[in-house]
1. How do the peptides 18-26, 106-114 rank, highest first, by the average count of neighbouring beta carbon atoms within 10 Å per residue?
2. Using +1 on the beta carbon of Lys and Arg, -1 on that of Asp and Glu, and nothing else charged, what's the dipole of the range 51-133 about the Cα centre, debye to 20?
3. Express the relative contact order of the range 46-186 as a whole percentage, based on alpha carbon pairs under 8 Å and six or more residues apart in sequence.
4. Report, in whole Å, the centroid distance computed from the Cα atoms of the range 76-111 and the range 182-247.
5. Can you compute the modelled spin-label distance between residue 245 and residue 233, with each label point 7 Å from Cα toward Cβ, in nm?
6. Between residue 74 and residue 27, what length comes free when the chain is fully extended (0.36 nm per residue of separation minus the Cα-Cα distance, one decimal in nm)?
7. When only C-alpha pairs under 8 Å and at least 6 residues apart count, what is the relative contact order of the chain, in percent?
8. Expected output is a single nm value to one decimal: the length gained when fully extending between residue 220 and residue 147, i.e. 0.36 nm times separation in residues minus the C-alpha distance. What is it?
Amino acid sequence: MRLDGRLALVTGAAGAIGRATASLLAAQGAQVVAVDRPGTDWGPLLAEVADALTIDADVTDEGGVRRYAAAALEPTGAIDIFFNNAGIEGPQVPIGDYPAADFRRIMDVNVLGVFLGLQAVMPGMMARGAGSIINTSSIAGLVGSATMAGYVASKHAVLGLTRVAALEAGPHGVRVNAVHPGFIDSRMLRDIIGRMGGAVDAFAATVPSGRLGTPQEVAEAVAFLAGDGSRYMNGSSLVLDGGLTAA
């Protein structure tokens, strides 16, 4: 379904999933406002979405989040789609050795960042009586993974925030759903595999579908949740993992 005339705000827009999603939403007719950390190289995204409005912002900073939300309103006066996507993975060490500073940093980006985004965008959508919000969780928001306490805890929290937001926003015509990517071929996954001393092919072999997912496949799920084809979905978890969590 087309998204003509709608404005889509995407955080973490310079990463693999964020860029693929911004590009697809634009291809479906949406005007894109892209947000990522200060110092971001916007060249790859702008090569795909030449008319995107790009904003450097720290999603953990309340003032910065309010500013990016306000800037996103300037083109059309309304945010129709919010892909609340920014996130980091953190270290991979047992809980007994996990640095508290790293744990706090992951929670700040992955949980506080999502919360502040909801806080800045959701009320305006509710006042208008329309909008779709998609939060990025992970299969790590559904199951545990040894040595990844910060990431797993944060992504479980994103699912909790999604459910609370769905209950609050639903009566006002706003839908809030979550996507849960599994092993998606990206910088983040390859870094995780490298730190574990593993091989990409070995990881892919553990997936029932026999391969890694692609950022484009996540983008297609987000675009579905953004559009009218998912209009009766609220508080849902859309899992994209090739069957990893089926057992």
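Only the coordinates and a few stated rules stand behind these numbers; no lab work does. Note that this is a predicted model, so its numbers are computed, not measured. Ideal geometry is used to build each Cβ from the backbone, glycine not excepted, and the neighbour counts take in all protein chains shown.
1. Details: 18-26: 25.3, 106-114: 22.6.
In decreasing order of mean packing, 18-26, 106-114 become 18-26, 106-114.
2. Numbers: 5 positive and 11 negative charges, 59 e Å.
Taking the Cα centre of the range 51-133 as origin, the dipole is about 280 debye.
3. Working: 209 pairs, mean separation 36.6, N = 141.
Reported relative contact order: 26 percent.
4. For the range 76-111 versus the range 182-247, the Cα centre distance is 18 Å.
5. In this crude label model, residue 245 to residue 233 measures out at 1.4 nm.
6. Values: separation 47, 0.36 × 47 = 16.92 nm, distance 2.09 nm.
So the chain would gain 14.8 nm between residue 74 and residue 27.
7. Numbers: 491 pairs, mean separation 49.4, N = 247.
Here the relative contact order equals 20 percent.
8. Values: separation 73, 0.36 × 73 = 26.28 nm, distance 3.04 nm.
Between residue 220 and residue 147, full extension yields an extra 23.2 nm.
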